[in-house]
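Q: Below is a structure I'd like to ask you about.
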């Protein structure tokens, strides 16, 4: 949980910089929700169920679209329950001056995001060509 909160802090720190507009906390939650949903897609594609988004887009099945919305809402709600804005501000006070840890964390977060995107793409190929 500490690692997830630190990743949330890195997103929060990024979205708190001046060129960004809007609420940095909600953007952080949205980013973490997207990452968690990518993991759900990867796991679903490994079990042969990763094509439910493609079917929802192709046929616009209202049921499948509602399922996707429910999954995204549940992931966002769970993240909202576990990561509070107060915790992120406390982490800012704790790590705000430790630039080495922040730079290292940002590098690992970028690597993690690239690996997550790659796994989703590989899972889609697995589901389409190997698991079909």
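Q: So is residue 71 in contact with a helix residue (DSSP H, G or I) (Cβ under 8 Å, 6 or more places away or on another chain), surrounded by 16 or more Cβ atoms within 10 Å (Cβ to Cβ) and under 21 Å from residue 17 (Cβ atoms) or not?
A: Spelling it out, it is not the case that residue 71 is in contact with a helix residue (DSSP H, G or I) (Cβ under 8 Å, 6 or more places away or on another chain), surrounded by 16 or more Cβ atoms within 10 Å (Cβ to Cβ) and under 21 Å from residue 17 (Cβ atoms).
Q: For residues in region 81-113 being in a loop (DSSP other than H, G, I, E, B) and exposed (fewer than 13 other Cβ atoms within 10 Å of the Cβ), which is nearest to the chain's Cα centre (by Cα)?
A: We begin by selecting, within region 81-113, every residue in a loop (DSSP other than H, G, I, E, B); these are 83-84, 96-98.
Still in the running and exposed (fewer than 13 other Cβ atoms within 10 Å of the Cβ): 96-98.
Details: 96: 23, 97: 26, 98: 25 Å.
Checked region 81-113; the qualifying residue nearest to the chain's Cα centre (by Cα) is 96.
Each reported figure results from applying straightforward, stated rules to the coordinates on display, with no laboratory input. Computed from a predicted model, the values in this text were never measured in an experiment. Positions of Cβ are backbone-derived with ideal geometry, glycine not excepted, and every protein chain shown enters the neighbour counts.
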